[in-house]
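The values are calculated or read from the model by the stated rules, or taken from the named source; none is laboratory data. Predicted model only: the values in this text are computed from it and were never measured. As a convention, Cβ positions derive from the backbone with ideal geometry for all residues, glycine included, and neighbour counts pool all protein chains shown.
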Amino acid sequence: MELRTEKALPNRQGLLGFAAILRISWEDDMHGTKPAALVTNAAGFAGPPAVDALLAAGFRVLAHDRSFGDDAVWAAYARGRGGLDRIDGDTPEACVEQAFALCDTLSALVSNDHYPAPLHDTPDVDPDVLRANFEALVAFPFALVRAALPRLYGQDRANIVLITSNRMRLPMAGAAIPEAVRAAANGLVRPLAVECAPHGVVVNAIAPNFLYSEAYYPNAVFRDTEAGRRYIADSVPVGRLADPAEIGEVIAFFATVKSRFMTGAVIDFSGGWPFGTPRPEAGD
């Protein structure tokens, strides 16, 4: 596979045009009312591109992160991002209460869930590692949706977007805990979609892998070293890591989709990964 070393940013003009279409669509449909979106754990993983894409699409964004309780951290994050409100609750229930204290309705709820995922030999790992992963990646988004649903059911509609992972599509030794927990998170989507459908609430997930973030695919390894670049080139048909703005575009789509039939989907976002290589033929 061809080795691509450039950053390969998406076309900014195209993204801005897409955001403009979303803005027009939502403002027309909401009779000129600016919709509100809550994004959790906004400081990491897909949080920053989610916030930026939703702001560009015309949302009032309520950005949550536990670190935002620090005024300096919040000021640095909010700089240059007009239309942003701070949510710093320690629990999912507190996040929802803070959000509805600021807004009468939430058009979109984006649960952006991430947690460190080092590999562990199963005989050596502490079971508390499994519990901590489950709490961050399954229990938190479930509790967030559970707390929000009574209010969302009272609206005309709402869109819930979970940011999960598709890493379990290609099992890896030592990854039993993160892969089991991510599979559980994806398992929330369809039953929640079925339960919420009669109330006009759609539930979908975006399941990334090979998305650039310092938490999972840091520049120092995967862009700045030959071994890291080769690993990406050999693993991803697209030949590079995803730029964060690219997943922001997909999040904005699911946060604004009007069709109530678009529900219960877990969408891979991994550049065509996983894939197989051709097997050798006789005589090769």
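Residue-by-condition table, conditions (1) under 22 Å from residue 218 (Cβ atoms); (2) without any contact (Cβ under 8 Å) to a residue 60 or more places away in the chain; (3) not small (Gly, Ala, Ser):
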| position | (1), (2), (3) |
| --- | --- |
| 242 | yes, yes, no |
| 261 | no, yes, yes |
| 269 | yes, no, yes |
| 276 | no, yes, no |
Name the residues in segment 149-167 that are more than 15 Å from residue 113 (Cβ to Cβ) and free of Cβ contacts under 8 Å to residues at least 60 places away in the same chain, would you?
149, 150, 151, 152, 153, 154, 155, 156, 158
Restricting to segment 46-76, give me the number of residues that are crowded, with 18+ Cβ neighbours inside 10 Å and part of a helix (DSSP H, G or I).
12
Of 264, 239, 228, 248, the only residue that is of a type in the set (Gly, Ala, Ser) and touching a Pro at 6+ places or on another chain (Cβ under 7 Å) is 248
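Would a scan of segment 218-237 turn up a residue that is in contact with a Gly (Cβ under 7 Å, 6 or more places away or on another chain), without any contact (Cβ under 8 Å) to a residue 60 or more places away in the chain, more than 25 Å from residue 40 (Cα to Cα) and assigned to a loop (DSSP other than H, G, I, E, B)? Show your work before the answer.
Step one: list which residues in segment 218-237 are in contact with a Gly (Cβ under 7 Å, 6 or more places away or on another chain), which gives 221-222, 233, 236-237.
Adding the requirement that they be without any contact (Cβ under 8 Å) to a residue 60 or more places away in the chain leaves 221-222, 236.
If we keep only those that are more than 25 Å from residue 40 (Cα to Cα) too, we end up with 221-222, 236.
Filter once more, so that each one left must be assigned to a loop (DSSP other than H, G, I, E, B): 236.
Yes, because at least one residue in segment 218-237 is in contact with a Gly (Cβ under 7 Å, 6 or more places away or on another chain), without any contact (Cβ under 8 Å) to a residue 60 or more places away in the chain, more than 25 Å from residue 40 (Cα to Cα) and assigned to a loop (DSSP other than H, G, I, E, B).
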Determine whether residue 147 is hydrophobic (A, V, I, L, M, F, W, C) and under 24 Å from residue 93 (Cα atoms).
yes
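When you go through 82, 32, 17 one by one, which is the residue that is part of a loop (DSSP other than H, G, I, E, B), modelled with pLDDT under 95 and out of contact with any helix residue (DSSP H, G or I) (no Cβ under 9 Å at 6 or more places or on another chain)?
On the way: 82 fails: out of contact with any helix residue (DSSP H, G or I) (no Cβ under 9 Å at 6 or more places or on another chain); 17 fails: part of a loop (DSSP other than H, G, I, E, B).
Answer to the selection: 32.
Is it true that residue 79 is closer than 27 Å to residue 207 by Cα, surrounded by fewer than 21 Cβ atoms within 10 Å (Cβ to Cβ) and of a type outside the set (A, V, I, L, M, F, W, C)? Give the steps one after another, and end with the answer.
Values: closer than 27 Å to residue 207 by Cα: no; surrounded by fewer than 21 Cβ atoms within 10 Å (Cβ to Cβ): yes; of a type outside the set (A, V, I, L, M, F, W, C): yes.
No.
If you scan segment 254-280, which residues turn out to be more than 12 Å from the chain's Cα centre (by Cα) and surrounded by 17 or more Cβ atoms within 10 Å (Cβ to Cβ)? Spell out the reasoning first.
From segment 254-280, those more than 12 Å from the chain's Cα centre (by Cα) are 256-265, 270-280; that's our starting set.
The answer is 256, 257, 263, 264, 270, 271, 273.
When residues of segment 238-266 are filtered for being in a loop (DSSP other than H, G, I, E, B) and either more than 17 Å from residue 190 (Cβ to Cβ) or not charged (D, E, K, R) (or both), how many remain?
Let us first name the residues in segment 238-266 that are in a loop (DSSP other than H, G, I, E, B), namely 238-241, 243, 257-265.
Now restrict to residues that are either more than 17 Å from residue 190 (Cβ to Cβ) or not charged (D, E, K, R) (or both): 238-241, 243, 257-259, 261-265.
Residues flagged as in a loop (DSSP other than H, G, I, E, B) and either more than 17 Å from residue 190 (Cβ to Cβ) or not charged (D, E, K, R) (or both) within segment 238-266 amount to 13.
Restricting segment 192-239 to residues that are of a type in the set (Val, Ile, Thr) and surrounded by fewer than 21 Cβ atoms within 10 Å (Cβ to Cβ), which is farthest from residue 266 (Cα to Cα)? Don't jump to the end; show me each part of the working.
Step one: list which residues in segment 192-239 are of a type in the set (Val, Ile, Thr), which gives 194, 201-203, 206, 221, 225, 232, 236, 238.
Okay, now just the ones that are also surrounded by fewer than 21 Cβ atoms within 10 Å (Cβ to Cβ), so 194, 221, 225, 238.
Details: 194: 14, 221: 29, 225: 32, 238: 20 Å.
The extreme case among them is 225.
Listed here are the residues, each with its yes/no results for (1) in contact with a strand residue (DSSP E or B) (Cβ under 7 Å, 6 or more places away or on another chain); (2) of a type in the set (Lys, Arg); (3) at pLDDT below 95.
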residue: 201; (1), (2), (3): yes, no, no
residue: 211; (1), (2), (3): yes, no, no
residue: 240; (1), (2), (3): no, yes, no
residue: 246; (1), (2), (3): no, no, no
residue: 253; (1), (2), (3): no, no, no
residue: 263; (1), (2), (3): yes, no, no
residue: 274; (1), (2), (3): no, no, no
